[in-house]
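Report on the structure given below.
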Amino acid sequence: MDGHDRVGDRDRVARLRAALLEWGARERRDLPWRRTRDPWAVLVSELMLQQTQVPRVLARYGPFLDAFPTPAACASAPVAAVITAWSGLGYNRRAVNLHRCAVEVCERHGGALPDDRDALLALPGIGPYTARAVLVFAFERDVGLVDTNAGRFVARALAGRAVGRRDAQAIADAAVPPGRAWEWGQAVFDLGALVCRKRAPQCDRCPVAGCCAWARSGWPRPDPIDGSAGVSSPQPPFAGSFRQGRGRLLARLAAGPVAASDIAAAAGWVSDPPRAARAAASLVDDGLAVWRDDGALALP
């Protein structure tokens with residue numbers, strides 16, 4: 001059974017394609033990573049956008065690429081410089097993985113990101129979704145994408161039911177209009193971000209409402225996105241979390257090494273040194289920090 005069989009009515013999908021592409025051409029957001037087909041710039045944007053809102057990425061994307069315009073520039077820089085340039089985006093392991101990826105790209109691929117899915121997957125920090133995103137947005141390959149925004153579109157509009165990961169990917173692949181994967185992918189993302197939202201989807205202004213499987217069936221409950229592949233679950237509150245303490249400590253390290261006796265204060269947990277010690281250890285485990293010979297904690 002292929003993706004079309006899973007979706008059902010091919011005529012409905014054809015009309016949905018036409019409506020979404022027309023809407024996308026008219027409403028597509030002007031984002032800097034959409035003005036390039038450079039595989040490195042695309043990869044940087046994809047890693048930055050993982051679990052991070054667009055406004056925060058907009059503030060960091062240009063300066064980061066100014067500092068590290070190529071894999072070679074990133075690979076030759078100290079890891080600490082990459083982490084510092086990444087500061088403010090959160091999930092800083094992505095910066096370490098990007099540096100490791102750049103090193104391997106230079107060592108194994110002559111400084112250019114490969115246009116092969118398996119070769120991309122073999123690089124540090126690149127998973128199945130990111131590999132596909134690079135293929136679509138840099139090399140314009142006809143493959144589908146299933147992330148948080150696209151996952152809602154697949155479940156609601158294409159399938160009209162909850163879908164598992166393999167099923168969702170097959171449906172997404174089958175829906176891509178041949179030769180138009182780049183604009184299709186951008187339109188799907190914008191629809192998910194602006195209209196087909198997780199809470200209170202704007203069905204009354206959706207360009208594909210007349211072709212949407214969920215809408216055509218009368219919006220039955222539960223919502224198809226519940227339990228579907230790619231649709232994110234709510235994160236626990238950041239305030240007071242372990243992630244917040246780690247972030248404070250890492251921000252302090254950007255200003256210079258921190259003595260072991262000052263780690264609890266730097267993490268914001270003066271009354272809980274053991275928790276701060278665990279935060280420091282986790283930064284070291286993730287390659288975000290190192291212990292110096294004098295016992296101080298520092299960026300790599």
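The values are calculated or read from the model by the stated rules, or taken from the named source; none is laboratory data. All of these numbers come straight from a predicted model, not from anything done at the bench. Note that each Cβ is placed from the backbone with ideal geometry, even for glycine, and that neighbours are counted across all protein chains shown.
What the table shows:
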item: Meets criteria (closer than 24 Å to Leu288 by Cβ and crowded, with 17+ Cβ neighbours inside 10 Å) for Ala80; result: yes
item: In segment 136-151, the residues that are at pLDDT below 95 and in a helix (DSSP H, G or I); result: Thr148, Asn149, Ala150, Gly151
item: Residues of segment 75-112 classified as under 18 Å from the mean Cα position of the chain (by Cα), of a type outside the set (Phe, Trp, Tyr) and assigned to a loop (DSSP other than H, G, I, E, B), total; result: 5
item: Of the criteria (1) surrounded by fewer than 22 Cβ atoms within 10 Å (Cβ to Cβ); (2) under 26 Å from Val54 (Cβ atoms), which one Ala133 fails; result: (1)
item: Condition broken by Thr52, with the remaining ones in (1) within 19 Å of the chain's Cα centre (by Cα); (2) part of a helix (DSSP H, G or I); (3) modelled with pLDDT under 95 satisfied; result: (2)
item: Boolean, Thr70 is out of contact with any strand residue (DSSP E or B) (no Cβ under 7 Å at 6 or more places or on another chain), within 19 Å of Gly287 (Cβ to Cβ) and polar (S, T, N, Q); result: no
item: Among (1) surrounded by fewer than 21 Cβ atoms within 10 Å (Cβ to Cβ); (2) touching a helix residue (DSSP H, G or I) at 6+ places or on another chain (Cβ under 9 Å), the one test that Gly240 misses; result: (2)
item: In segment 73-94, the residues that are closer than 14 Å to Asp286 by Cβ and without any contact (Cβ under 8 Å) to a residue 40 or more places away in the chain; result: Val82, Trp86
item: Hits in segment 20-35 - residues which are loosely packed, with under 15 Cβ neighbours inside 10 Å and either in contact with a Cys (Cβ under 6 Å, 6 or more places away or on another chain) or part of a loop (DSSP other than H, G, I, E, B) (or both); result: Arg28, Arg29, Asp30
item: Options Ala67, Ala73, Ala59; residue that is outside the structural domain of Phe153 (by TED's automatic domain parsing), over 23 Å from Arg252 (Cβ atoms) and either out of contact with any Phe, Trp or Tyr (no Cβ under 7 Å at 6 or more places or on another chain) or modelled with pLDDT under 95 (or both); result: Ala73
item: The listed residue being over 21 Å from Arg37 (Cβ atoms), outside the structural domain of Arg108 (by TED's automatic domain parsing) and modelled with pLDDT of 95 or more, out of Ala155, Ala122, Ala162; result: Ala155
item: Matching residues in segment 256-296 - criterion: being in contact with a Phe, Trp or Tyr (Cβ under 6 Å, 6 or more places away or on another chain) and either surrounded by 16 or more Cβ atoms within 10 Å (Cβ to Cβ) or in a loop (DSSP other than H, G, I, E, B) (or both); result: Ala276
